[in-house]
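What follows is a set of notes on a single structure, which appears directly below.
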Amino acid sequence: MTHRPAVFAALLGLTRAASAVGDFWIQSDFCARVKGASDDHPVTYVDPATEEKTTHGTADGRKACLHHCLTYTATQAIVAGAGARALGIRVHPAAAAAALAISFGTHYAADRRVPGKGLLETIATKSGKSNFYKLADFGMNGAFHLDSAWHHGWETVAALVATTKATTR
């Protein structure tokens, strides 16, 4: 018998926890700093171990964002898979793949933050949230909070998709 609301809640909790781990513990400093680089807005990265400075443009920004999103999604797959197994939840493979694809695609779209051209900045500007997006004062960072809200919303959609045909043991 499937208790879909309970399965949904479990999968959402597992993917939310995995998202935080993937974003803040697994993501490298290099990826975090370079993933928004473009030829118009290059990023200079200083290696913390060697203090070597390197400059990165569009190709490196895309590669860094791709690497981050792959490790982020892999973290979600491992945590959600192991957690579901431990809880006796069987997630249909196609539903799991679709949920992870949603997470990967929406994460890449949000995290490829090219100044003036990034998806979240564009949405913030068009929805009247430009000032909040740019806020970096009073212990607040608007871009970070809008990014988190974006990810949380899409993780919810992904968890709903993952419950499709899920069963419990």
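The values are calculated or read from the model by the stated rules, or taken from the named source; none is laboratory data. This structure is a prediction, so every number in the text was calculated from the model and none was measured. All Cβ positions, glycine included, derive from the backbone under ideal geometry; neighbour counts span all protein chains shown. Ligands, DNA and RNA are excluded from the accessible area calculation, which covers all protein heavy atoms including side chains. Shrake-Rupley method; radii C 1.70, N 1.55, O 1.52, S 1.80 Å.
Each Lys and Arg contributes +1 and each Asp and Glu -1, all at the Cβ; summed about the Cα centre of the chain, the dipole is approximately 840 debye. Note on Leu160: accessible area approximately 90 square angstrom, rounded to 10, probe 1.4 Å, nucleic acids and ligands left out. For Lys35, the accessible area of its heavy atoms, probed at 1.4 Å with every protein chain present, is near 30 square angstrom. For the chain, the longest principal axis of the C-alpha atoms and the axis of helix 93-111 are separated by about 20°. Label zone (Ala109, point 7 Å along Cα-to-C-beta; backbone nitrogen cut-off 16 Å) within the range 140-156: 147-156.
With an 8 Å Cα cut-off and a minimum separation of 6 or more residues, compute the relative contact order for the range 86-142 in percent.
On the way: 24 pairs, mean separation 7.9, N = 57.
Contact order relative to length: 14 percent.
Principal-axis analysis of the Cα atoms of the chain puts helix 142-162 at an angle of about 30° to the longest axis.
Kirkwood Rh over alpha-carbon pairs of the range 101-169, then Stokes-Einstein at 25 °C and 0.890 mPa s: what D in µm² s⁻¹, rounded to an integer? Let's see the in-between values first.
Values: Rh = 13.3 Å.
Result for D is 184 µm²/s.
Here the range 1-87 exposes an accessible surface that is 62 percent carbon and sulfur, computed with a 1.4 Å probe and the other protein chains kept in place.
Using a 1.4 angstrom probe, figure out how much accessible area the chain has per residue, in square angstrom, rounded to the nearest whole.
Numbers: 9500 Å² over 169 residues.
Result: 56 Å² of accessible area for each residue.
Using bins of 10 Å that start at zero, the share of Cα-Cα pairs per bin across the range 1-62 amounts to 20, 30, 22, 15, 10, 3, in whole %.
Less than 5 angstrom separates the built amide H of Ala166 from those of His92, all sequence-distant by 5 or more or on a different chain. Across the range 76-83, rounded Karplus estimates of 3J(HN,Hα) from the backbone phi angles (6.51 cos²θ - 1.76 cosθ + 1.60, θ = phi - 60°) give 4, 4, 5, 5, 5, x, 5, x Hz, Gly and Pro being marked x. Relative to the longest principal axis of the Cα atoms of the chain, helix 4-21 runs at roughly 30 degrees.
The label-point distance for Arg4 and Phe138, in a model that sets each label 7 Å from Cα toward Cβ, rounds to 4.2 nm.
Along the range 59-71 the Karplus relation, 6.51 cos²θ - 1.76 cosθ + 1.60 evaluated at θ = phi - 60°, assigns HN-Hα couplings of 4, 5, x, 5, 5, 5, 5, 4, 4, 4, 5, 5, 5 Hz to successive residues, with x for each Gly and Pro. Taking a ≥ b ≥ c as the square roots of the eigenvalues of the alpha-carbon gyration tensor, the range 60-112 is classed prolate because a/c is 1.5 or more and a/b outweighs b/c. Each 10 Å bin from zero up to the one holding the largest Cα-Cα distance in the chain carries the following percent of pairs: 10, 34, 31, 18, 6, 1.
With the contact rule set at Cα under 8 Å and sequence spacing of 6 or more, what percent relative contact order holds for the range 51-120? Let's see the in-between values first.
Numbers: 27 pairs, mean separation 25.1, N = 70.
Once normalised by length, the contact order is 36 percent.
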